[in-house]
1. Okay, helix-only estimate at 222 nm for the protein assembly as shown: each DSSP H run of n ≥ 4 adds -39500 (n - 2.57), divide by all residues, round to 500 deg cm²/dmol; what do you get?
2. Just to confirm my numbers, what's the Cα centroid distance between the range B:174-210 and the range B:221-290 in Å?
3. So what's the net charge close to residue A:25: Lys and Arg +1, Asp and Glu -1, counting the other residues with Cβ under 14 Å from its Cβ?
4. Please arrange A:78, B:198, B:1 by how many other C-beta atoms lie within 10 Å of their C-beta, fewest to most.
5. Fewest Cβ neighbours within 10 Å first, please rank A:56, B:283 accordingly.
6. For residue B:205, what charge total do you get from the other residues with a beta carbon under 12 Å from its beta carbon, if Lys and Arg give +1 and Asp and Glu give -1?
7. Skipping prolines and chain starts, which residues have an amide H placed within reach, meaning under 5 Å, of the one on residue B:100, given they are 5 or more residues away or on another chain?
8. Is the shape of the range B:1-120 rounded, prolate or oblate, going by the alpha carbon gyration tensor and its root eigenvalues a ≥ b ≥ c, with a/c under 1.5 for rounded and a/b larger than b/c for prolate?
Amino acid sequence: MMDFGFKLSKSATLDLDRADTGRYERLCALEPDARICMNCGSCSATCTAAPFSGMSLRKVILGLQRGQDVRPMLQGCMLCGKCSMVCPRGINTRHLILTLCRIYD
Amino acid sequence: MKENVVVIGGGVAGMEAARQLLLLGYNPILVEQQDHLGGHVAQWNRLFPDMAPAGDLVRRLWDGITDANIFLETRVTSVNRLKDDYLVMLSNGVSISCRAILIASGFKLFDAARKEEYGYGVYDHVVTNADLESWFNGNESDRIPSAPRSVGFVHCVGSRDLKAGNSQCSKVCCITAVKQAIEMKERFPEARVYCFYMDLRLFGKKYEDFYIRAQQEFGIQFIRGRVSEVGETLDGRLQVKAEDTLSGKPLKVQLDLLVLMAGMSCNPDVAELARMARLDIDSDGFLRSLDNTAGIDVSNRPGIFYAGACTGAKTVPETLGEARSAALDIHRYLQGR
């Protein structure tokens, strides 16, 4: 392709009207506690994989709500379950991640 | 002969204080500039967190003050200090001599049209929290769509806003937004409901339970980011822009109704009252308490006390509690203790 010296950037705007939240809804049906996440970040802060892989359960749930593909992040999870010990809303986060993996399968 | 106490303002603070003063053996004279008592609460539909009808509270308070002197559609025209007494003149020609005055002049709902970016008064389907309560009360409004697909709530409209001259948090709007979001979802189960917030300040008893219910049972989506701009699409829907600060990305969504949580600002009439009675005004425009920890109901003038939102944003239970403590402080003052 000819280089005209400029490029077109894709808009980073999240368009909620076009967001496909089907996976999020399926997750909520199987794991109703997914709805009560308040984005505190405790799970991500304690995550052993986070510093090396970009895994963040907080961002996974948020990404699903915004219709994004969160598989790359999920793949970083080692299922150690540490996050479930710190969630102040008592979400069984490890179980939630396993359920989500099944939804993606 | 029972001793007079002038109570300025007939909202829930003034009503509850008058009720307590009657019980303590005084003759409260309640002065209200509107044609009804109950103030803002009288216009509300249901109160968080128990969803009790606001009208029930106002009626209960009314029942407690049937023996009080009540002047509706009346204003205070002057307050003069004469030795140990105050002489209070009213717009209806009545003058009252009293040793104690309670000011319960409340707040003014922030004028949402001043935040031009939200389009209140420009777009039909942008309404305020008060407009929505009026509709909940059965007042018809063509500004509320009959079958909205999506509804948004904007927290902190004219509160926590230095530029709008109202830097304080209005306290009640977060929980009111959660309450109204639930009420809309109950009426329109198919609608998507979003709350746009900066912080969720759910400090009161049962408030957090309410928030969890909103997420769990009603699927209300909380988006951390202040709405920056509202426009209208060709088909008359609202185009709303905000930053989703948790994702770190700009966000847009189309809505059929946008509800602005207008905050509490100081009652502008209080400036004149403060001038007449030589009361201090605080930096936020509200009346200045002598002590914000242990004497919130005490003014800088002898015998003049405060109750409710004239000193800052308050919830209804806080207001009622302050009205009771002010009545007791007036009692102790008049007893010389």
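1. The helix contribution divided over the protein assembly as shown gives -8500 deg cm²/dmol.
2. 16 Å
3. +2
4. Lowest count first: B:1, A:78, B:198.
5. Starting with the residue having the fewest Cβ neighbours, the order is B:283, A:56.
6. -3
7. For residue B:100, whose amide H was placed from the backbone, the distant partners under 5 Å are B:6.
8. Oblate.
Bear in mind these aren't lab numbers, they're just calculated from the coordinates by the rules spelled out. Computed from a predicted model, the values in this text were never measured in an experiment. Using ideal geometry, Cβ is built from the backbone for each residue, glycine included, and neighbour counts are taken over all protein chains shown.
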